[in-house]
Amino acid sequence: MDFLAEAVRIEPEIIKTRRTVHQHPELAYHEEVTAKLVADRLESMGIDVKRKVGGTGVLGTLRGSKKGRVVALRADMDGLPVQEMSDVDFRSRVDGVMHACGHDTHVAMLLGAARILAEHRGELSGTVKFLFQPAEEHGGRGGAMPMIEDGVMDDPKVDYVFGLHIDSGRKSGEIGFREGAIAAAPDTFKVKIIGRGGHGSAPHETVDPIYVAAHVILALQGVSSRMINPVRPFVISVGAIHSGTKENIIPDEAVLDGTIRTLDEATRKVAKKKVQEVVKGVCRSFGARAEIVFEKDAYPVTINDPKATEQAVRVLKRIRGIRVKRMDALLGGEDFSRFLQKAPGTFYFLGTDNPAKGCIHPNHSSKFKVDEDVLKFGTASLAMLAFEFGSPKGPA
């Protein structure tokens, strides 16, 4: 079967779906409109559907006419709390919410793949599960874990799982892959620095938590530069500081919100320990106290199965018009990692960078735009992976 030709045939529908979802973005755990669109569309294709899976998730199940393996394909559905500033005529209609990471395209491409596979179920071996997942952007519990707890990877048990993400940093039509660790564990932390407030004119009578916070922020960079093996990728960032009400009042407390990103569990464990030691040590030296909390259930490292990735690359290279290239690991987090803990598979990226069309802004930018010409490639790739890996003999 020529999967790209099939994707080109339904390309107008894929683009229309993407634009509809783009205009109605919904935040994590609130993807009601998107989930209904997905479920209704899958049912219209004759695919078995379960709604409200893991909250607002949708599970579609398509059984082929021949015996084979079980392959799961995943798309995330949630948007971001970003006010859209792009110049497209199908801008978000929801104030302060935008599909700034491409999840609208993920939904559209997976629905396109579902249609292709449903229309060719007579040639399909095995079973395909379509996982439309909420809350990928949450960063903690996320949406994959609730769906797994609701049994999407079982009955029948998934043999392979694949996920695709749009990538603004990669040229349009280029597919990026990597075996092993491809995305980081994103551990979020909150530090409360407890001092003693007073008048701004008499700092010696206080324990100034803002001053202490400044030292904490600087000292934390020493964790990455002096306490972690430099050959191990590691990033620590403080993204928010909250303290004070007026210029002449030294407050009692300061709160810092930050994140650490690691690509292996050993480094992750050491980094979290060192962050706590540094924060408490700096605060103690200035007479302040520190309370440090790491968010529970942070996503694990996303680790692609080497064999499944190698096989997937061979399959994807057969799609004409795309370029498949090995990529570096990213320090962004992904809860697709949880699906990969349940079954072998791979998480790969589809480039959308196209300066001629103004597609130059990064994911999560208020001006983020997608080159819609690449959607047919993503659709074809998902359908082809399901078809090939569902075969009892495995991919050709």
Relative contact order [Cα under 8 Å, 6+ residues apart], the chain, whole percent: 25
Using each residue's phi in segment 183-192, evaluate 6.51 cos²θ - 1.76 cosθ + 1.60 at θ = phi - 60° and report the 3J(HN,Hα) Karplus result to the nearest Hz, with x for Gly and Pro. 9, 8, 7, x, 8, 8, 10, 10, 10, 9
Quotient of C-alpha Rg and 2.2 N^0.38 Å, computed over the chain: 1.09
Sum up the lysine pairs in segment 185-294 that clear both bars: alpha-carbon distance under 20 Å and a spacing of 8 or more or different chains. 12
What dipole magnitude, in Debye to the nearest 20, does the chain give about its Cα centre under +1 on Lys/Arg Cβ and -1 on Asp/Glu Cβ? 1100
Stretched out fully, how many nm does the piece from K50 to K67 gain, at 0.36 nm a residue minus the Cα gap? 3.9 nm
With angles folded into 0 to 90 degrees, how steeply does helix 103-119 sit against the dominant principal axis of the chain? Use alpha carbons for both and round to 10. 20
Interchain or long-range residues, amide H under 5 Å from E253's placed H: G195, G244
Share, in percent, of DSSP beta bridges within the chain that are antiparallel, nearest 5: 65
Would you work out the relative contact order for segment 1-156, in percent, from Cα pairs under 8 angstrom that are 6 or more residues apart? 33
Test of understanding: in a Gaussian network model of the chain with alpha carbons linked when under 10 Å, which of G200, G332, G122 would top the mean-square fluctuation ranking? G200
Per residue convex hull volume, Cα atoms of segment 185-294, in Å³: 83
For segment 240-276, listing GluC sites (Glu not before Pro) in a DSSP loop whose Cβ sees at most 11 other Cβ atoms within 10 Å gives E247
Most fluctuating residue given options D167, D89, D150, as computed from a GNM of the chain linking Cα atoms under 10 Å: D89
Report the gain in length on full extension from K325 to F286: 0.36 nm times residue separation, minus Cα-Cα distance, nm rounded to one decimal. 8.9 nm
If you project the alpha carbons of segment 251-396 onto the principal axes, what extent comes out on each, in Å, largest first? 65, 41, 21
The rounded separation in angstrom of the Cα centers of segment 24-84 and segment 284-360 is 21
Most fluctuating of K157, K369, K246 in the GNM of the chain (C-alpha, under 10 Å) is K246
Using +1 on the beta carbon of Lys and Arg, -1 on that of Asp and Glu, and nothing else charged, what's the dipole of segment 185-294 about the Cα centre, debye to 20? 440
Sequence gap at least 6, Cα distance under 8 Å: using those rules, report the relative contact order of segment 185-294 to the nearest whole percent. 43
Assuming R0 = 45 Å, can you tell me the calculated FRET efficiency for the pair Q276 and K36, based on Cβ-Cβ distance, to the nearest 0.05? 0.55
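None of the figures in this text is laboratory data; all of them are computed from the coordinates on show. Because the structure is predicted, anything quoted here is derived from the model rather than measured. Positions of Cβ are backbone-derived with ideal geometry, glycine not excepted, and every protein chain shown enters the neighbour counts.
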